[in-house]
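Read the structure below first, then the notes.
Readers should treat all values here as calculations from the given coordinates under stated rules, not as data from a laboratory. What you see is a predicted model; the values in this text were computed from it and never measured. Counting neighbours? That spans all protein chains shown, and the Cβs are built from the backbone with ideal geometry, glycine included.
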Amino acid sequence: MRISTNASKEDLTLSIWKGIKWHPTKDQIEKFIQLQFLLEEWNKTTNLTRLIHGNDYWISQVCDSLWPLTKELQHPNLSYKCIDVGSGCGFPGLALAIALPNANITLLDSSNKKTTFLKEVSKEIGLKTRIQIITERAEITAHNQSFRKNFDYAMARAVAPAAVVAEYLIPFLNSTGQGLIFKGKWTDQEQNNLKRALSTLNAKLKESQKFDLPDNRGVRNVIRIESIGECPNKYPRTVGTPRKKPLGN
């Protein structure tokens with residue numbers, strides 16, 4: 001299965017959409033194609049990601065970003081407030097902004113070159129009004145009262161061990177919000193560490209989900225976490241501390 005920017009719209013309706021039980025509109029497909037083109041152009045001068053061509057893009061970026069939200073994709077008219085922590089070149093955040101037309105997405109990354117790309121691409125593909133981009137560390141943003149306890153979903157993909165990511169995400173969640181930790185491998189040891197960290201953060205593990213990416217691209221996991229009360233004000237700790245001294249270890 002090969003998909004490229006030259007593929008017809010009909011060719012794009014393939015098993016990747018069936019696998020996540022969602023079918024994009026023509027406009028959404030065009031936006032994904034435009035995003036791929038912009039990634040390819042920017043990547044010539046700025047090292048953003050190697051996953052930009054063919055299935056590297058459509059499966060390992062787009063599909064991998066969307067599969068954890070299969071249920072949410074069935075209700076595109078609902079309005080969600082989401083924050084993508086460590087957004088990098090925009091996944092999963094940009095993919096969700098395309099797929100969920102009423103969602104408001106905050107893309108958070110500490111790299112100025114990446115947020116410069118995110119600002120340009122969000123404007124180019126017509127998402128600027130629904131996307132906010134911040135160049136800052138999560139440990140700082142999560143203590144800003146405009147963002148703390150303000151999101152339905154806080155997510156991070158390929159950022160850090162789960163216990164570390166939990167300290168970044170939990171403070172952003174509103175009372176009914178969920179944190180989504182995207183993982184490749186998921187071990188019992190990491191789960192035990194996460195549970196101990198969540199106890200400190202006044203949160204719990206809601207569920208874990210597993211998915212086989214198409215085209216033998218590997219197994220993916222997403223770990224859903226949620227608050228069970230007020231996250232202590234001291235979390236997240238100062239910049240760099242969550243990584244150096246992970247909760248739960």
* Asked: Across bins of 5 angstrom width beginning at 0, how are the C-alpha pair distances of the stretch 162-244 distributed, in whole percent?
  -> 3, 15, 26, 23, 16, 10, 5, 2, 1
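Per residue and in Å³, how big is the convex hull formed by the alpha-carbon atoms of the stretch 97-197?
Working: hull volume 11.7 nm³, N = 101.
Once divided by residue count, the hull of the stretch 97-197 is 116 Å³.
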* Structure fact -> Highest GNM mean-square fluctuation among SER87, SER146, SER79, for the chain with Cα springs under 10 Å, belongs to SER146
* Asked: So what is the relative contact order of the chain, in percent, for Cα pairs below 8 Å that sit 6 or more residues apart?
  -> 16
* To do: Enter the Cα centre distance for the pair the stretch 136-171 and the stretch 43-97, rounded to the nearest angstrom.
  => 17
* Structure fact -> So, over other residues within a Cβ distance under 15 Å of ALA160, counting Lys, Arg +1 and Asp, Glu -1, the net charge is +3
* Between THR241, ALA142, GLN178, whose Cα lies farthest towards the positive end of the dipole of the chain when Lys and Arg beta carbons carry +1 and Asp and Glu beta carbons carry -1, centred on the Cα centre? -> THR241
* Principal semi-axes in Å for the stretch 1-143 [√(5λ), Cα gyration tensor, largest first] -> 23, 19, 13
* Asked: Assuming a viscosity of 1.567 mPa s and a temperature of 4 °C, what translational diffusion coefficient in µm² per second does Stokes-Einstein assign to the chain, Rh being the Kirkwood radius over Cα pairs?
  -> 71
* Entries in LYS18/LYS204; LYS183/LYS204; LYS31/LYS185 that, when Cα-Cα distance is taken, lie over 24 Å -> LYS18/LYS204; LYS31/LYS185
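In which sequence would ASP84, ASP56, ASP188, ASP152 go, from the one with the fewest C-beta neighbours within 10 Å to the one with the most? Could you put the intermediate results ahead of the total?
Details: ASP84 30, ASP56 15, ASP188 7, ASP152 19.
Listing ASP84, ASP56, ASP188, ASP152 from fewest to most nearby Cβ atoms yields ASP188, ASP56, ASP152, ASP84.
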* To do: Any chance you could list P(r) for the stretch 132-177, counting all Cα-Cα pairs in 5 angstrom bins from zero, rounded to whole %?
  => 5, 22, 32, 28, 12, 1
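Which value in deg cm²/dmol, rounded to the nearest 500, describes the helix-derived mean residue ellipticity at 222 nm for the chain, given -39,500 (n - 2.57) per DSSP H run of n ≥ 4 and division by the residue count? Please list the in-between numbers first.
On the way: 11 runs with 83 residues, N = 249.
Helices in the chain give a 222 nm mean residue ellipticity of -8500 deg cm²/dmol.
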* Asked: Can you give the net charge of the other residues whose Cβ lies under 9 Å from the Cβ of ILE59, counting K and R as +1 and D and E as -1?
  -> -2
* Asked: By the gyration tensor of its Cα atoms, with a ≥ b ≥ c the square roots of the eigenvalues, what is the shape of the stretch 96-151: rounded for a/c under 1.5, prolate for a/b over b/c, or oblate?
  -> oblate
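If we count other beta carbons within 10 Å of each Cβ, what is the order of TRP58, TRP22, fewest first? Display every interim value, and only then the final one.
Numbers: TRP58 25, TRP22 18.
Taking fewest neighbouring Cβ atoms as first place, the list is TRP22, TRP58.
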* Using only C-alpha atoms and all pairs of different ones, pull out the Kirkwood radius for the stretch 30-74 in Å with one decimal. => 11.3
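Using a cut-off of 9 Å between beta-carbons, work out the net charge of the residues near ARG220 (Lys and Arg +1, Asp and Glu -1, ARG220 not included).
Spelling it out: positives minus negatives among the neighbours equals +1.
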